[in-house]
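Reading through the structure tokens given below for one structure.
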Amino acid sequence: MIFTNLITTNLRTRKFGKEIAYYQRLESTNLESWELIGENSASHGMIVITDNQTNGKGRSGNTWFMSPSKGLAMSIILIESIKMVDAQLIPLAAGVAMAKTLQNRGMNPKLKWPNDIIINNKKCGGILCESRVSNNLINAMVVGVGLNVNETENDFPKEVRADASSVFINTGNTIQRELICAIFTTYFERALQDLNSIIKSWNEYCLHLGTEVSFSYKQAKYTGIFKGLSDEGHAILDINGKIETFASIDIYTP
Ligand code: BTN
């Protein structure tokens with residue numbers, strides 16, 4: 001059960017989260033957000049949240065596992081025109097907002113490019129942003145956020161157990177998911193008002209800045225030194241002394 005009034009009392013926002021659509025069970029909060037947008041039932045900054053997401057979508061066509069009543073699965077709907085240059089920074093802004101949220105609760109989170117949420121070298125969460133484009137402008141975006149909150153190791157399916165972690169596993173304390181949702185939404189709204197500083201903030205949380213990473217790009221594998229982010233939010237790598245910029249890669253180490 002998610003108590004939406006607990007989200008509301010902990011929000012410190014101007015607009016975001018003033019409307020909350022809560023569902024006990026949902027295939028995917030991103031999918032539901034698009035349905036609400038399609039029915040003209042969505043408002044800018046609306047939170048869509050569920051206690052039990054049964055078919056969550058992850059990046060690169062993966063699925064996202066959520067443990068019912070323990071994990072956080074939410075989306076924030078953006079319905080206003082967004083310039084392409086800004087749109088590329090929004091997923092990074094969401095990652096930074098979640099990192100700040102966890103730091104606010106006493107953790108030491110890191111970000112793995114583009115926006116995996118890492119604590120103690122294990123993935124605790126991720127961001128999936130989807131957008132609708134017309135006339136070279138983005139007129140709607142759904143920012144989906146998944147975070148493992150109160151899970152123990154046994155709550156994760158065997159296939160992901162070795163790589164996944166949760167806030168509880170890291171801190172030994174359970175935490176209200178509503179509080180995480182409210183703090184995240186507050187930081188995210190602020191981050192969108194100051195997208196110019198996102199690259200700097202992102203670099204501060206980067207797990208692998210200046211270190212060697214292995215990554216795949218168009219089905220080939222590479223190794224290079226991660227140099228940081230370009231102004232567009234793309235990954236800059238030094239591969240054998242040659243600087244290259246990538247809009248989309250999958251980093252598998254560290
Ligand atoms: C990733 O693969 O790292 C991104 C995972 C994003 C999962 C979240 S859970 C809430 C929202 N709804 C979805 O279907 N996916 C995102």
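The values are calculated or read from the model by the stated rules, or taken from the named source; none is laboratory data. Model, not experiment: these values are computed from the prediction. Heads up, the Cβs are rebuilt from the backbone with ideal geometry, glycines too, and the neighbour counts pull from every protein chain shown. When the accessible area is computed, the model is the full protein with side chains, heavy atoms only, and any ligands, DNA or RNA have been set aside. Shrake-Rupley method; radii C 1.70, N 1.55, O 1.52, S 1.80 Å.
Remarks
- For region 187-196, backbone phi angles converted through the Karplus equation (6.51, -1.76, 1.60; θ = phi - 60°) give residue-by-residue couplings of 5, 5, 4, 5, 4, 5, 7, 9, 5, 4 Hz, Gly and Pro being listed as x.
- Equivalent ellipsoid of region 60-103: semi-axes from √(5λ) of the C-alpha gyration tensor, largest first, are 24, 15, 11 Å.
- Asn62-Glu35 FRET efficiency (beta carbon distance; Förster radius 35 Å; 0.05 resolution): 0.95
- Accessible surface, the chain, averaged per residue in Å² (probe 1.4 Å): 47
- For the chain, the Kirkwood hydrodynamic radius comes to 18.4 Å, computed from all pairs of different C-alpha atoms.
- Semi-axes of the equivalent ellipsoid for region 80-168, Cα gyration tensor, largest first, Å: 29, 14, 10
- In Å², nearest 10: area of Phe168 left accessible to a 1.4 Å probe: 60
- Within region 1-110, the trypsin sites (Lys or Arg not before Pro) that combine a DSSP coil assignment with at most 15 other C-beta atoms in a 10 angstrom radius are Arg12, Arg14, Lys15, Lys18, Arg25, Lys83, Arg105.
- The chain: relative contact order as a whole-number percent, Cα under 8 Å and 6+ apart: 18
- Annotation for Thr54 and Arg132: the two label points, set 7 Å from Cα along the Cα-Cβ direction, are 2.5 nm apart.
- Relative to one another, the C-alpha centroids of region 62-129 and region 187-203 are positioned 13 Å apart.
- Counting 0.36 nm for each residue step from Glu244 to Lys227 and taking away their Cα separation leaves a gain of 5.2 nm.
- Residue order for Phe226, Phe65 - accessible surface, 1.4 angstrom probe, largest first: Phe65, Phe226
- Note on Asn139 and Tyr217: their simple-model spin labels are 3.5 nm apart, each label 7 Å out from Cα toward Cβ.
- Across the cross-link table entries Lys70/Lys122; Lys100/Lys122; Lys83/Lys110; Lys70/Lys123; Lys112/Lys158; Lys200/Lys242, which are compared at the Cα atoms, the separations over 25 Å belong to Lys83/Lys110.
- In the chain, the calculated helix contribution to ellipticity at 222 nm averages -7500 deg cm²/dmol per residue, counting -39,500 (n - 2.57) for every DSSP H run with n ≥ 4.
- Counting protein heavy atoms only, the chain has 45 percent of its accessible area on carbon and sulfur, 1.4 angstrom probe.
- Over 20 Å [Cα-Cα, region 1-82], rounded percent: 34
- As computed over region 29-134, the Cα convex hull volume per residue (Å³): 121
- Ser134 accessible area, 1.4 Å probe, all protein chains in place, Å² to nearest 10: 50
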